[in-house]
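Values in this text are rule-based calculations from the coordinates and carry no lab data. Remember, predicted model here, so these are calculated numbers, not experimental data. Glycine also receives a Cβ, built like all others from the backbone with ideal geometry; neighbour counts cover every protein chain displayed.
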Amino acid sequence: MRTLLAMALFTGGILAPHAPADTAEAAKKRSVKTRTQAVQPRTYSREEIECERARHEDPAGVYAGFPCWAREAFGRGQNGGADRQ
């Protein structure tokens with residue numbers, strides 16, 4: 001039994017280095033891809049910007065039933081928006 005176990009370990013030790021492994025080139029490609037994705041800035045759509053402005057101008061949600069552009073316009077002056085030109 002010990003001999004069989006020793007033979008199995010020996011055979012496994014010989015075959016293990018020949019198994020396909022992750023190459024350095026593949027690892028480099030993965031790391032480059034991850035790095036470039038992390039550097040790209042987030043772009044906001046026009047609608048997202050309008051809704052953010054609307055939430056700032058109408059924080060209480062008085063005009064919540066209206067579209068974002070209308071909420072911003074109706075809410076101006078309530079949160080200091082009338083001072084801006």
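Extending 7 Å from the Cα toward the beta-carbon at both residue 6 and residue 52 defines two label points whose distance is 7.1 nm.
What is the sum of charges, Lys and Arg at +1 and Asp and Glu at -1, for the other residues whose Cβ falls under 15 Å from the Cβ of residue 74? Net local charge, residue 74 excluded: 0.
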